[in-house]
Amino acid sequence: VLRFKQTVVWDKGKIGMGWHYRRSYEFVLVAEKSGSGKSRWYDRSRKVENIIRRCQATQEGIGKMIPSADQHPTEKPVALGAHFMRLHSLPGDLVCDPVMGSGAFGEAALRSGRRFIGIELDPHWFEVACRRLERVWAEQP
């Protein structure tokens, strides 16, 4: 069972999706395994905020994605998943994404040496994610 831990705002940059007020951010819900005690935290900088910003001047950070017709409608960058995995896990740890979509966070997990469990209700996107993760797995040394 997962327990809610924190809400993080992902500021994706200028001009977001929508009509009237154009949303240029998304909420990221961070959860942890219930009963596991204190959440793991591996950052020592003490500079991690609950807003992930993209610097407009340098273009550093994790910016928005505009999905192509063949991508999941709410596709996320692999770098976004990698960011959270660096904060909360170590290589070899198990990462769970209960809303896997096309598997971007699974790709981040495999590329960073984590194990991965993904859950997706839509059979089409589940198959897309499985093919993606099989390709990433095959690329591993």
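Find the relative contact order for the chain and round it to a whole percent, using C-alpha pairs within less than 8 Å whose residues are 6+ positions apart.
Details: 217 pairs, mean separation 24.3, N = 141.
In percent, rounded to a whole number, it is 17.
Taking N as the number of residues in the range 75-116, what value does Rg over Cα atoms divided by 2.2 N^0.38 Å take?
0.98
State which entries of K5/K64; K5/K47; K14/K76 exceed 20 angstrom in Cα-Cα distance in the structure shown.
Working: K5/K64 24 Å; K5/K47 18 Å; K14/K76 17 Å.
Too far apart for the 20 Å limit: K5/K64.
So for D70, D11, D93, what's the accessible-area order with a 1.4 Å probe, most first? Can you show the working numbers first?
On the way: D70 120, D11 50, D93 30 Å².
The residues order as D70, D11, D93, largest area first.
Leaving ligands, DNA and RNA out of it, report the carbon-plus-sulfur percent of the accessible area of the range 89-141 at a 1.4 Å probe. If you can, show how the numbers build up before the last one.
On the way: 1980 of 3150 Å².
For the range 89-141, the apolar C and S fraction of the accessible surface comes to 63 percent.
Ordering K38, K12 by accessible area with a probe of 1.4 Å, largest first, what comes out? Walk me through the intermediate numbers first.
Working: K38 190, K12 30 Å².
Ranked list, largest accessible area first: K38, K12.
Would you mind working out the accessible area per residue for the chain, using a 1.4 Å probe, and quoting it in Å²? Write down the numbers at each step before the final one.
Numbers: 9830 Å² over 141 residues.
Heavy-atom accessible area per residue stands at 70 Å².
Give me, ordered by chain and number, the residues 5 or more places off V95 or on other chains with an amide H under 5 Å from its own placed amide H.
Excluding prolines and chain starts, which carry no amide H, the hits are R115, F116, I117.
Can you give the helix-only mean residue ellipticity at 222 nm for the chain, where every DSSP H stretch with n ≥ 4 adds -39500 (n - 2.57) and the sum goes over all residues, rounded to the nearest 500 deg cm²/dmol? Let's see the in-between values first.
On the way: 3 runs with 36 residues, N = 141.
Roughly -8000 deg cm²/dmol at 222 nm, from the helical runs in the chain.
Please check: in the Gaussian network model of the chain (C-alpha springs, under 10 Å), which one of H72, H83, H20 has the largest mean-square fluctuation.
Sorting by GNM fluctuation, first place goes to H20.
Show me, for the range 88-105, the HN-Hα J-couplings you get by feeding each phi into the Karplus relation (A = 6.51, B = -1.76, C = 1.60, θ = phi - 60°), rounded to Hz, glycine and proline as x.
Once rounded to whole Hz, the list reads 10, 8, 10, x, x, 6, 9, 10, 10, 10, x, 9, 5, x, 9, x, 4, 6.
Using every Cα-Cα pair within the range 21-141, state what percent have a distance larger than 18 Å.
Roughly 57 percent, rounded to a whole number.
With a sphere of radius 14 Å drawn around the Cβ of R135, what net charge do the other residues whose Cβ falls strictly inside it have (Lys, Arg +1; Asp, Glu -1)?
Working: positive: R111, R131, R132; negative: E107, E127, E134, E139.
Residues near R135 contribute -1 overall.
When the chain is treated as a GNM, springs tying every alpha-carbon pair under 10 Å, which of R111, R131, R46 comes out with the largest mean-square fluctuation?
R46
Taking K and R as +1 and D and E as -1, what net charge do the other residues with C-beta under 10 Å from the C-beta of A108 add up to? Before the final figure, lay out each step's value.
Numbers: positive: K76, R86, R111, R114; negative: D97, E107.
Residues near A108 contribute +2 overall.
The values are calculated or read from the model by the stated rules, or taken from the named source; none is laboratory data. Quick caveat, the model's predicted, so the values are computed rather than measured. Using ideal geometry, Cβ is built from the backbone for each residue, glycine included, and neighbour counts are taken over all protein chains shown. Remember, those area values only see protein heavy atoms, side chains included, never the ligands or the DNA or RNA. Shrake-Rupley method; radii C 1.70, N 1.55, O 1.52, S 1.80 Å.
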